[in-house]
Each structure stands twice: as C-alpha cells, then as structure tokens.
C-alpha cells in the first residue's frame with residue numbers, strides 16, 4: 001500500500017463510491033414516495049368517483065406548466081454537469097443558476113395553486129372540506145401531503161444548489177501538509193502533481209533528509225476541478241434533482257389528469 | 001486498483017436536448033390521452049407513459065445506461081421491493 005504520494009490525494013476521490021451512496025439514498029426516497037403512492041392507489045380503488053371529481057377541481061394548466069418547468073430544470077441540471085465535465089466552469093454555473101430559478105418558478109406556481117385552494121377553504125381538516133364526501137377529504141389529504149413533501153424536496157434541492165454555486169464558484173487553494181510518518185515514506189523521492197489524464201503537471205526536488213515538514217499549496221480553481229470533487233458533488237445533486245423530477249412525472253397525471 | 005472508469009464518458013448536449021424534447025412530447029401525450037375519456041384505461045396509460053418518461057430520465061439524465069450493472073441491479077431490487085409491497089397490499093384489500 002505504500003504507493004508514494006498519490007495515496008494522499010487519492011483518498012478523497014472515489015466518484016463511483018460517491019455515486020453508489022447517492023443512489024442508495026435515492027432508493028430510500030423511492031420507497032418513501034412509493035408508500036404514499038400505495039396509499040393513493042388503495043384509496044383511488046376505494047373511492048374512484050370522488051377521486052375523479054376532486055381531481056377535476058385542480059388546475060390542469062398549472063400542473064402541466066409545472067411539469068414543463070421541472071422537466072426543463074432537469075435538462076439545465078444535466079447540461080450543468082456536462083459543462084463542468086468539459087471544464088467549462090462558467091457555463092456550468094450559468095446552467096446551475098437557471099436550474100435554481102426554474103425550481104423557484106415551480107414553487108411560485110405551487111404557492112399560487114395552494115393559496116387558491118386554501119382561499120376556497122380546501123385544506124386538511126378545514127370546516128369546508130370536512131363537509132365533503134370521505135373520498136374527497138382523503139384525495140386532498142394525499143394531494144397536500146404528496147405535493148407538499150415533493151415541494152419540500154424541491155426546496156432542499158435548491159438549498160444544495162446554493163452550496164454548489166459557492167463550491168464551484170470560489171477560487172480555493174488546497175493545502176497539503178506532510179510531516180512525521182507521511183514524510184518518512186517519501187524521503188529521497190519527489191512529490192509530483194498528476195492531472196486527471198495522468199499527465200505530470202509538476203514535480204518537486206527529491207525530499208532531503210533534513211526536511212521536517214513539507215507544505216504543498218495548490219492555488220486556483222483548476223486544481224479543484226481536476227481533482228473532480230466538484231463534479232462528483234454536482235453529479236450527485238443532479239441525481240437527486242432528477243429523482244425529484246421523476247416523482248413529479250408520476251404525481252402530475254395521478255392528481256391532475258385522472259378526471260379529464 | 002484501476003482508475004480508468006472514474007470519469008463519465010461525455011454525452012453530447014444534443015442528446016440531452018433530444019431527451020428533453022421527447023419528455024415534453026410525452027407530457028403532451030399524457031394530457032391528450034387523459035382527455036380521451038378512456039375510464040379505467042386512462043390511469044394505466046398515464047402510469048405507462050410516466051414509466052417510460054422515468055426510464056428516459058434514469059437512462060440519460062441520470063446516466064444509468066452508462067453505469068455498471070451494479071447500479072441497474074440495485075434499482076431492480078428497489079423496484080422489486082416496491083412491486084412486492086404494492087402487490088401484497090392489493091391482494092389483501094381485494095380479498096377482504
């Protein structure tokens with residue numbers, strides 16, 4: 001395992017492991033929403049007519065518009081990942097900002113949609129709603145729970161995007177300190193900086209016997225990108241965002257369209 | 001240890017835009033089919049189209065098509081679990 005200095009840099013970088021971890025998280029999300037979809041299916045089965053009537057009271061246009069917004073935001077998210085993979089940092093930032101704004105537009109629509117319903121007295125446990133048939137009460141309960149939980153996921157995604165804008169946008173320098181045991185391993189050898197395509201970017205003089213500590217400072221954004229940690233973060237955020245999109249792809253027809 | 005497959009193979013912007021267009025067309029199709037008044041078939045059609053849209057998102061936007069079999073197998077296990085849970089619940093409510 002004593003593979004000289006690249007050990008130190010490599011240990012922060014396991015993109016496949018990071019993606020596996022993200023997917024595992026996404027599967028728990030699928031099961032979370034899956035349970036709610038199961039509830040929906042059971043009650044649709046029990047109260048088909050009331051579900052159809054309640055669904056007809058939702059605004060199909062806003063639902064369709066939000067679908068288009070979210071699908072487009074998925075496109076800009078994947079374009080952002082693609083841009084960063086191609087080392088176009090500014091383009092990646094631009095697409096990420098557009099994705100963020102589309103997420104915000106989705107939430108604004110959702111706000112007006114919910115406000116209109118609440119204005120008409122239709123919200124969980126409201127006096128107005130409780131006079132409706134049982135099936136409609138359940139339909140709106142599921143509607144608020146599922147689109148609410150989905151909306152919360154959109155908010156979380158947008159917060160993560162703000163972090164990413166900072167991570168990708170800032171020009172950070174990386175400091176690597178080697179001393180004691182670490183330093184003993186590389187005495188007499190050189191430290192070299194290797195790029196992603198295995199090209200040697202820089203190489204130091206051999207580490208002499210007298211040195212007690214080596215500080216390596218790598219400045220600028222290029223190194224950050226080349227180490228790929230931002231790409232991994234952005235890819236995983238993308239995965240999350242696309243899953244939120246997929247959930248909406250199912251929510252839209254089930255809540256807005258079954259009555260048409 | 002090999003470090004070869006650490007970076008994704010790059011997928012062209014054009015491919016992403018084509019997938020997005022397909023998703024928009026399928027959204028239009030979902031709305032159209034819902035307007036046809038197909039009764040019980042409507043929900044089956046809606047879920048079928050949504051499933052197809054999800055496949056496009058999974059394969060292209062989420063790069064599943066280009067990942068190793070591990071990722072797909074994990075997804076199958078999850079979907080299988082969901083199908084079992086939903087299937088068993090429906091056998092319960094339909095034979096009460």
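The values are calculated or read from the model by the stated rules, or taken from the named source; none is laboratory data. Worth saying up front: this structure is predicted, and the values here are computed from it rather than measured. Cβ placement follows ideal geometry from the backbone for every residue including glycine, while neighbour counts extend to all protein chains displayed.
Residue A:23 fulfils the conditions (1) crowded, with 19+ Cβ neighbours inside 10 Å; (2) modelled with pLDDT under 95; (3) within 10 Å of chain B (Cβ to nearest Cβ) except for a single criterion, (2). Flag not set for residue B:73, criterion: surrounded by fewer than 16 Cβ atoms within 10 Å (Cβ to Cβ), in contact with a helix residue (DSSP H, G or I) (Cβ under 8 Å, 6 or more places away or on another chain), at pLDDT 95 or above and more than 8 Å from chain A (Cβ to nearest Cβ). Of the helices (runs of 4 or more DSSP H) contained entirely in the range A:151-260, those carrying at least 1 residues that are at pLDDT 95 or above fall at A:229-252.
Restricting attention to the range B:6-27, and to residues there that are under 17 Å from the mean Cα position of the chain (by Cα) and more than 7 Å from chain A (Cβ to nearest Cβ), which single residue is nearest to residue A:253 (Cα to Cα)?
Start the filter on the range B:6-27 by keeping residues that are under 17 Å from the mean Cα position of the chain (by Cα), which leaves B:16, B:18-27.
Remaining after also requiring more than 7 Å from chain A (Cβ to nearest Cβ): B:18-19, B:21-22, B:25-26.
Details: B:18: 23, B:19: 20, B:21: 19, B:22: 17, B:25: 14, B:26: 12 Å.
That would be B:26.
Here is the figure for the range A:66-81: residues that are at the interface with chain B (Cβ under 9 Å from one of its Cβ atoms), surrounded by fewer than 24 Cβ atoms within 10 Å (Cβ to Cβ) and either farther than 15 Å from residue B:16 by Cβ or touching a strand residue (DSSP E or B) at 6+ places or on another chain (Cβ under 7 Å) (or both) total 1. When residue A:87 is tested against (1) in a helix (DSSP H, G or I); (2) closer than 21 Å to residue B:14 by Cβ; (3) over 15 Å from the mean Cα position of the chain (by Cα), just one condition goes unmet, and that condition is (1). For the range B:9-28, a tally of residues being surrounded by 14 or more Cβ atoms within 10 Å (Cβ to Cβ) and at pLDDT below 95 returns 1.
Inside the range B:30-53, can you point out the residues that are in contact (Cβ under 8 Å) with a residue 12 or more places away in the chain and within 7 Å of another protein chain (Cβ to nearest Cβ)? Even if it seems obvious, please write down each step before you answer.
Let us first name the residues in the range B:30-53 that are in contact (Cβ under 8 Å) with a residue 12 or more places away in the chain, namely B:30, B:33-34, B:45-46, B:49-50, B:52-53.
Residues satisfying the conditions are B:30, B:34, B:46, B:50, B:53.
Taking the stated definitions as given, is residue A:92 in contact (Cβ under 8 Å) with a residue 40 or more places away in the chain, more than 30 Å from residue A:259 (Cβ to Cβ), buried (at least 24 other Cβ atoms within 10 Å of the Cβ) and more than 10 Å from chain B (Cβ to nearest Cβ)? Spelling it out, residue A:92 is indeed in contact (Cβ under 8 Å) with a residue 40 or more places away in the chain, more than 30 Å from residue A:259 (Cβ to Cβ), buried (at least 24 other Cβ atoms within 10 Å of the Cβ) and more than 10 Å from chain B (Cβ to nearest Cβ). Quick one: how many residues across the range A:108-126 are touching a helix residue (DSSP H, G or I) at 6+ places or on another chain (Cβ under 6 Å) and in contact (Cβ under 8 Å) with a residue 12 or more places away in the chain? Number satisfying all stated conditions: 5.
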